[in-house]
1. Does residue 17 satisfy the condition of being at pLDDT below 95, outside any helix (DSSP H, G or I) and within 16 Å of the ligand (Cβ to nearest atom)?
2. Those residues that are surrounded by fewer than 19 Cβ atoms within 10 Å (Cβ to Cβ), closer than 22 Å to residue 22 by Cβ and of a type outside the set (Ser, Thr, Tyr), I need them from the stretch 46-57; list them, please.
3. Regarding the stretch 131-142, can at least one residue be identified that is more than 13 Å from the ligand (Cβ to nearest atom), surrounded by 18 or more Cβ atoms within 10 Å (Cβ to Cβ) and in a loop (DSSP other than H, G, I, E, B)?
4. What is the number of the single condition among (1) touching an Asp or Glu at 6+ places or on another chain (Cβ under 7 Å); (2) under 30 Å from residue 108 (Cα atoms); (3) free of Cβ contacts under 8 Å to residues at least 40 places away in the same chain that residue 6 does not meet?
5. Among the candidates 4, 38, 99, which residue alone is part of a strand (DSSP E or B) and acidic (Asp, Glu)?
6. Within the stretch 138-152, is even one residue over 22 Å from residue 66 (Cα atoms) and in contact with a Ser or Thr (Cβ under 6 Å, 6 or more places away or on another chain)?
7. Please state which of the following conditions residue 6 fails to meet, knowing it meets all the rest: (1) in contact with a strand residue (DSSP E or B) (Cβ under 7 Å, 6 or more places away or on another chain); (2) surrounded by 16 or more Cβ atoms within 10 Å (Cβ to Cβ).
8. Cβ-Cβ under 7 Å, sequence separation 6+ or interchain: first residue in the stretch 80-95 and assigned to a loop (DSSP other than H, G, I, E, B), partner of a type in the set (Val, Ile, Thr). Which pairs?
Amino acid sequence: MNLDEKIRTIPDFPKKGIMFKDITTVLQDAEALKFCIDSFYEYYKDKQITKVIGIESRGFIIAPALAYRLGVGFVPIRKPGKLPAEKIRQEYQLEYGTDAIEIHTDSIRNGDRVLLHDDVLATGGTMKAACSLVEQLGGEIVGISFLIELAFLNPRMKLSNYDIHSLVSYASE
Ligand code: AMP
């Protein structure tokens, strides 16, 4: 399947200068959706994953389906103030200012073999912060997965310790 053809690029969304990668056109296509879940499943099925993490909010679409397929639990990493129980927070740098994400402390146990998932890998800042949360809770990061990788932003520099699997990679904008 040529997944690239199913991804819609919207210029200047949500603000000027951003080429937004819209995955709704992938999700609404039964064959493309199946291809995504099946591809990830094939890649991770023998890696003894025990938890799949999705990052708010578009990471929440594929990650639970993949967790179901792998027969393991799903864990959300959320924006600040959304998780109700005991949690830890990791801040990270944006182009202007900082942002943060949180995870419940009881969601990952020592020795869990964790797969993290998000829709788009851009600078890598969000995923690096997510990996730090998992490691603080004693989880072992087996892999990190994305539908789309914006390779021209060099995100792998920030994530060189991890096995990254992206279904579509863009060498230029
Ligand atoms: P980053 O931390 O720079 O890797 O950004 C990753 C997060 O921002 C992901 O959760 C993406 O959903 C979102 N994101 C960044 N750039 C784009 C883009 N060009 N199109 C769609 N989503 C994006």
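The values are calculated or read from the model by the stated rules, or taken from the named source; none is laboratory data. Because the structure is predicted, anything quoted here is derived from the model rather than measured. Here the Cβ is made from the backbone with ideal geometry for all residues, glycine too, and neighbour counts use every protein chain on show.
1. Criteria met by residue 17.
2. 56
3. yes
4. Every listed condition holds for residue 6 apart from (2).
5. 99
6. The answer is yes; a qualifying residue exists.
7. (1)
8. Note: pairs meeting the criteria are 86/105.
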